[in-house]
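K.L.:
Shown below is the structure under consideration.
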Amino acid sequence: MTPQKTMWRKALVATAILLFVGFGAIIINLVRWQLVRGEELKSVALEQSLQSTQLTAMRGTIYDATGKVLAQSASVWTVILEPYSLHKDGTRATVAKGLAEILDMEEDYIYERASNKDSYYAVLKRRVESSVRDEIDAFMKDNKIQRGVYMIDDFKRYYPYGSVASTILGFTGDENTGLYGLEAQYDNELRGTAGRLINSKNPIGGDMPFQYEQFIDAQHGYNLILTIDETVQSVTEKALERGIERYRVENGAVGILVDVKTGAIIAMACKDDFDPNAPFDIYDEEEQARIDALPEAEQDEAYTAALNNQWRNKAISDVYYPGSVFKMVTGSMGLEEGIVNENTPFNCTGAYIYYKDEDPIHCWLRTGHGTQTFAQGLLNSCNPYFMYIGQQLGAQRFFKYFEGFGFAERTGIDLPDESASIYYDAESLGPADIATHSMGQNFGITPIQMITGICAVANGGYLIQPHIVNRIVDSDGNIVKTTDTSFKRQVISEDTSQRISNILQMNTEIGVGTATKGYVAGYRICGKTGTSEKVDKYNNELAVLAEGEDKPVMQYIASYGGYAPAEDPQYALLVFFDEPQKEENGGLNGGDAVAGPIFADIMAEVLPYLGVKSQYSEEEYENLDATTPSVMGMMIKDAKIVLEEAGLYYEIVGVTDNDNEVVAFQVPSVGDFIPNDGKVVLYTQGAENDAMGVVPDIRGYSVEEARNVLEEAGFQLRLQHGRVSESAIANQDIEPGTIERRGTVITISFADNTITETFQFSDGSEGSESPEGDDSLDE
Amino acid sequence: MNYSKDRSLKKVPKSEAEFDEQEISKDGKRKKKIRFKAFSRGLGIDMPLLFLTLIILSIGLVTLFSASYAKSYYDYGDSLQIILSQVRFAAIGLTVMLLLTFFDYHQYHHLAIIIYIISVILLLLVPIMSYEAFMDGEPVRWLTIFGIQFQPSEIAKFALILMFAHMISKRPTTMHTFRHGFLPFMIVFGLLAGLVIIEKHVSATAILSFIAILMMFIGGTRMRFFIPFIILVAVVLAFILLFSDRFGYALERIVAWLDPLNVQGGDTNTHQIKQSIYTLASGQLLGVGLGQSRQKYGWLPESQNDFIFAIFCEEMGFIGVIILIILFALLIWRGVYVAIHAKDKFGMMLGLGIIFQIGIQIILNLGVVTSTIPVTGISLPFFSSGGTSMTMLLAEMGILLQISRGSNINKA
């Protein structure tokens, strides 16, 4: 072969290798990347260049039944740093300094947050108000900073009514998530769907050409319209607070007001509660002070416990012994099954042997009620009578109704964390269990179960579905879902319901029943008291009792369940106070004494508001209150006309001889209760403090005596809920010794018979022994 | 075939004796003296090669326009900055190319050593001019002389080709010996390669090595001389890659090459290859369309330069890429064809050196972009932005075309 041929050959071989091996390998790889994995890698590539900015959806608003806003989201901003740009532009220090001032943060911290120079995203601060955003914008402009800091939309949750309904509403955490209460229960509905702003972003930080931009609007969350009425809720909460204060209640209180026909919860108040605007603050200042006083090591635990306590909705999460309130249920069973009728006689000897030769269980009235009819037995809250009914029913029938009334299942209310009840089922109900169950003892149900049962007793035997949300609407107001208000089943007949209502109505009548504190003038109230012993707690404390220590004090739950009006029940209310301290409040721990007045307070304010027609008896009408009209700022002569028209008297303090003087101050104040024949004291300019007097102590006086004493001192007397009693005055709303202006109205209430209808065992220890150990309780 | 019109060169190289005309001087029986002639008109230039060059250049410019559009805007605030500059250099390059087709390539015999020495000096200047960066272990590749910034390694490649062509053609009978056919070549090559590698310019070193081996192989050097050398280089290379801080990045790149899509963190180069694959894969079969690349908006680093091919893949798809590769292959093939038909050994070796340089650069660049080989900085001839490179390439094509004038190809 010639040298030339050799070279040709070599050149061709080299070229061939170069082309075939080189391009061959390249083409193989191209096939691999472009054809085989093209689709997959393309989407990865797209994803990285498509920056998707999340557009937070506006969380739905929660309205009360009257359209008041209970929870609402408002626009705020999240401040985000783009460290890459800050590094590139060398603006990190400037920005850190400027933002530290505006956001009230540590400069070093901001500097640190922007330390990763390859990062494009570092959240600096969430939930910044729009005004702060404007400040940041201005700062950026002033310092000619084009990029590196930006703000994205976010929302903050506001609860305009503060702690009102807080245990129902719950609260939200970061990222728009409902954590407790309705916010958690309806999180999916409220949350909405986050939108996305998809735009192509180059890694240098700029937007890519517009054609790659896509905007998916955020779907705002649905709004909830509750059955709760803020006014009723507030009234109930305030009443509970008063009760806790007045009766020295240790462990909180619950008040639930329900529409007996629909199961709509009008108010569900719990104490303790919290402010959902700041859920992680201990709302109760005393509790906070107590935690602060603890040793450092125990503070965290105490803090967590206190938080859980204030967040917990006791109305659905706590089980309690319903006590004698339950007798209206047992009574209904007896009537329904024909075991008793209103007039069935029974002799109460003060104790009842429920089974063969077991030790008897005592009546709360040790001396016994003697021979009484069923109606009287219910009015007396006679324990033996109900043990008798339970015994006659037997386990099977008792449990059938127990189950029927919904005590064996969760009510399914649309709130999270509803507890299951604790009870004996038909198979395990022994004679002692039936006896105690019949009196509402020795089984645990939630307050919501109890009031559901009360509703069934009231409304003709229909077991309603308690619910909080009336309807769900979208952001345009279209109804998405309306709550079904149909009942679950009929437990007792309408006839039985009517008959038990007739008896319970008498129960609030003075001199007749044991639930008289729940009486409200103008309304026929059906009521039943309950005083349940916290036997388990007592036993537990007893068990760990050290030598030489005092025996523990039995704690009580004082409850009052009732409904109105008797002729056509519309609203049921259950109030309970957990552990009133009778040593501190003057010996009050019974359902009537503690829960009764609060029940009446709530009903008296709420029933007229809810449009329940009042019907006054003659006596009631006489004692009716009026509302003080406004005469402040009027001339005396005009004020006189106004007051005369209102049927009120007047008295002038200061300049008395000039009808053209202006009323500078009036007592009572506008809107305050005043007896309907009361007088308004008009103070002229400069005389506001001329007629002060010391409030006398009228406790223990009769009404007439008190009226005289008060008049003497320049004050006026008012009967709470217009109710007169033969007995002595127990309470006055303004403490004796207080200095008040002339004309001030002092409201009084009576002690009556402060019955504590607990049950007692034969050994005399007041309910201190449970017939069965609690560990055998079935759930 | 019709060669008879060539008047300046009376005989078309056809026989072995004529082909090795340089041998004549060695024998002392000089049949013919090559006179200096500034311009050789001779026969026409090879049209297929010219057209292939122009077609590929046009495609390259269009692709660069698209690929640099965003980058140019971000960097200069003017989308046209990069492409206009490139077009200017292409115009200069084409002018140079056309001029060189008239410049008798035999004159390069005289220029070989001069260009070689200039090239060595320029390479030496690089670390001296950028002394601090060089001592810090950073790559130093650029030199600015009279306001023109260029890579001396580009010139070194041409210097090597020219020198080797010159040397091979001067050693018609002794190429097979170690003393004449290997050692001098290795010294010439070693000096250049050594100077390039201390600039940390691995890719240029690789190209120089490929050119050297190919030219020596074709020139007649015995391959077995390479064996100990290759082993030595392999050992040194492995040692450097694994243990040297100065070249430590190479290892990382090899890891990235083995699993390009799962590069965690990594430096810019390993990030590049991942983005490169995303980019070309996005093209799939038909491409996203001319000018429609998304990756060019800053995602793919060096989209206007070393990774411009990925943008082409993204925009034109697999089918477009195959067409381009066929064009490249045709260009290389035609270049080789023209070279081997040169009328003398010098022309052949010069032509082969030039076309192999271009071919190797194309293949290495495509190899990097497709992750066929580990990342190294190689620009794509006729595509990547870069004025000196473009001018240099077109000038080399001019030389190749000049060689075609005297070749015995039918140029209809």
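K.L.:
Could you please let me know if B:Ile24 is among the β-branched types (Val, Ile, Thr), modelled with pLDDT of 75 or more and assigned to a helix (DSSP H, G or I)?
P.N.:
When the stated conditions are applied, B:Ile24 does not pass them.
K.L.:
Only helices (runs of 4 or more DSSP H) wholly contained in region A:178-265 count here; list those with 1 or more residues that are at pLDDT 90 or above, under 30 Å from A:Ile479 (Cβ atoms) and not assigned by TED's automatic domain parsing to the domain that holds A:Ala57.
P.N.:
It comes to A:230-246.
K.L.:
Residues of region A:150-166 being in contact with a Ser or Thr (Cβ under 9 Å, 6 or more places away or on another chain) and modelled with pLDDT of 85 or more, which ones?
P.N.:
A:Arg157, A:Tyr158, A:Tyr159, A:Tyr161, A:Val164, A:Ala165
K.L.:
It is to be established whether one or more residues within region A:65-75 are surrounded by 19 or more Cβ atoms within 10 Å (Cβ to Cβ), modelled with pLDDT under 85 and assigned by TED's automatic domain parsing to the domain that holds A:Ala218.
P.N.:
So far as region A:65-75 goes, no, none of its residues is surrounded by 19 or more Cβ atoms within 10 Å (Cβ to Cβ), modelled with pLDDT under 85 and assigned by TED's automatic domain parsing to the domain that holds A:Ala218.
Table: residues versus (1) aliphatic (A, V, I, L, M); (2) over 22 Å from A:Glu567 (Cα atoms); (3) at pLDDT 90 or above.
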| site | (1), (2), (3) |
| --- | --- |
| A:Ala458 | yes, no, yes |
| A:Leu463 | yes, no, yes |
| A:Val469 | yes, yes, yes |
| A:Ile472 | yes, yes, yes |
| A:Ser475 | no, yes, no |
| A:Thr483 | no, yes, no |
| A:Asp495 | no, no, yes |
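K.L.:
Taking the stated definitions as given, is B:Glu138 modelled with pLDDT under 90, among the acidic types (Asp, Glu) and under 20 Å from the mean Cα position of the chain (by Cα)?
P.N.:
Against the criterion (modelled with pLDDT under 90, among the acidic types (Asp, Glu) and under 20 Å from the mean Cα position of the chain (by Cα)), B:Glu138 does not qualify.
K.L.:
Further, regarding this structure: Looking only at residues that are hydroxyl-bearing (Ser, Thr, Tyr) and under 31 Å from the mean Cα position of the chain (by Cα) in region A:411-434, which one is surrounded by the most Cβ atoms within 10 Å (Cβ to Cβ)?
P.N.:
Across region A:411-434, the extreme among qualifying residues is A:Thr411.
K.L.:
While we're here: If you take the residues in region A:541-566 that are farther than 19 Å from A:Pro580 by Cα and not small (Gly, Ala, Ser), which one is surrounded by the most Cβ atoms within 10 Å (Cβ to Cβ)?
P.N.:
A:Tyr563
K.L.:
So which residues in region A:18-57 are among the acidic types (Asp, Glu) and either more than 9 Å from chain B (Cβ to nearest Cβ) or in contact with a Pro (Cβ under 6 Å, 6 or more places away or on another chain) (or both)?
P.N.:
Correct list: A:Glu47 only.
K.L.:
For region B:112-122, does any single residue satisfy the condition of being touching a residue at least 12 places away in the same chain (Cβ under 8 Å), of a type in the set (S, T, N, Q) and surrounded by fewer than 22 Cβ atoms within 10 Å (Cβ to Cβ)?
P.N.:
Among the residues of region B:112-122, not one is touching a residue at least 12 places away in the same chain (Cβ under 8 Å), of a type in the set (S, T, N, Q) and surrounded by fewer than 22 Cβ atoms within 10 Å (Cβ to Cβ), which makes the answer no.
K.L.:
Sticking with this one: What is the one condition in (1) under 25 Å from the mean Cα position of the chain (by Cα); (2) more than 9 Å from chain A (Cβ to nearest Cβ); (3) modelled with pLDDT of 90 or more that B:Glu315 does not satisfy?
P.N.:
The one condition B:Glu315 does not meet is (1).
K.L.:
Then there's this: Of all residues in region B:174-189, which are without any contact (Cβ under 8 Å) to a residue 12 or more places away in the chain and either in a helix (DSSP H, G or I) or closer than 17 Å to B:Leu232 by Cα (or both)?
P.N.:
B:Arg179, B:His180, B:Leu183, B:Ile187
K.L.:
Name the one entry in B:Ile363, B:Ile311, B:Ile354, B:Ile323 that is without any contact (Cβ under 8 Å) to a residue 12 or more places away in the chain and buried (at least 24 other Cβ atoms within 10 Å of the Cβ).
P.N.:
Testing whether each residue is without any contact (Cβ under 8 Å) to a residue 12 or more places away in the chain and buried (at least 24 other Cβ atoms within 10 Å of the Cβ) leaves just B:Ile363.
K.L.:
Provide a single number: the residues in region A:517-537 that are assigned to a strand (DSSP E or B) and β-branched (Val, Ile, Thr).
P.N.:
3
K.L.:
Name every residue in region B:286-309 that is facing another protein chain (nearest Cβ under 10 Å) and part of a helix (DSSP H, G or I), in order of residue number.
P.N.:
Result: B:Phe309, single match.
The values are calculated or read from the model by the stated rules, or taken from the named source; none is laboratory data. Fair warning: this is a prediction, and the values are worked out from it, not measured in the lab. All Cβ positions, even for glycine, are placed from backbone atoms using ideal geometry, and neighbour counts span all protein chains on display.
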